[in-house]
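These notes are about the structure you will find just below.
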Amino acid sequence: MRGNVTESLRAPSLDELFLPIVTSFQTADDRFINDRENFQANCIAAGVRTEADGDGVADGVFTSNVVNATVRGRAGGNPNLSDETSAAALMA
């Protein structure tokens, strides 16, 4: 029988600690628009009516408000990070 016991420590990198805070702009992913193959099924499953949803009524064309939209955020380092630790044991 063999065994192995390990302990590990990882300190944060200088970038993770001290990278300056910057403004970022993130875009959103709209599953209705990006999945053209299943667009119709996705809309119907979510209760969104489209022009050709099979009921014979022209309900109007679905328009996504997410396309070309961005959200303002902030990204940067965190000087309050501490070391990460782990422990493992293996018996074989």
**Study point:** Given (1) over 30 Å from residue 75 (Cα atoms); (2) out of contact with any Cys (no Cβ under 6 Å at 6 or more places or on another chain); (3) at pLDDT below 75, number of the condition residue 47 does not satisfy
**Key:** (3)
Practice item. Working only within the stretch 1-33, note down all residues that are assigned to a helix (DSSP H, G or I) and of a type in the set (A, V, I, L, M). Key: 14, 17, 33
Check your understanding: Do any residues in the stretch 1-16 that are closer than 16 Å to residue 81 by Cβ have Cβ atoms under 7 Å from those of residues that are exposed (fewer than 10 other Cβ atoms within 10 Å of the Cβ), where the two are at least six apart or on different chains, and which pairs are they?
Key -> 9/83; 9/85; 10/83; 11/83
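The values are calculated or read from the model by the stated rules, or taken from the named source; none is laboratory data. In this text, all values refer to a predicted model and were calculated from it rather than measured experimentally. We place every Cβ from the backbone using ideal geometry, glycine too, and count neighbours over all the protein chains shown.
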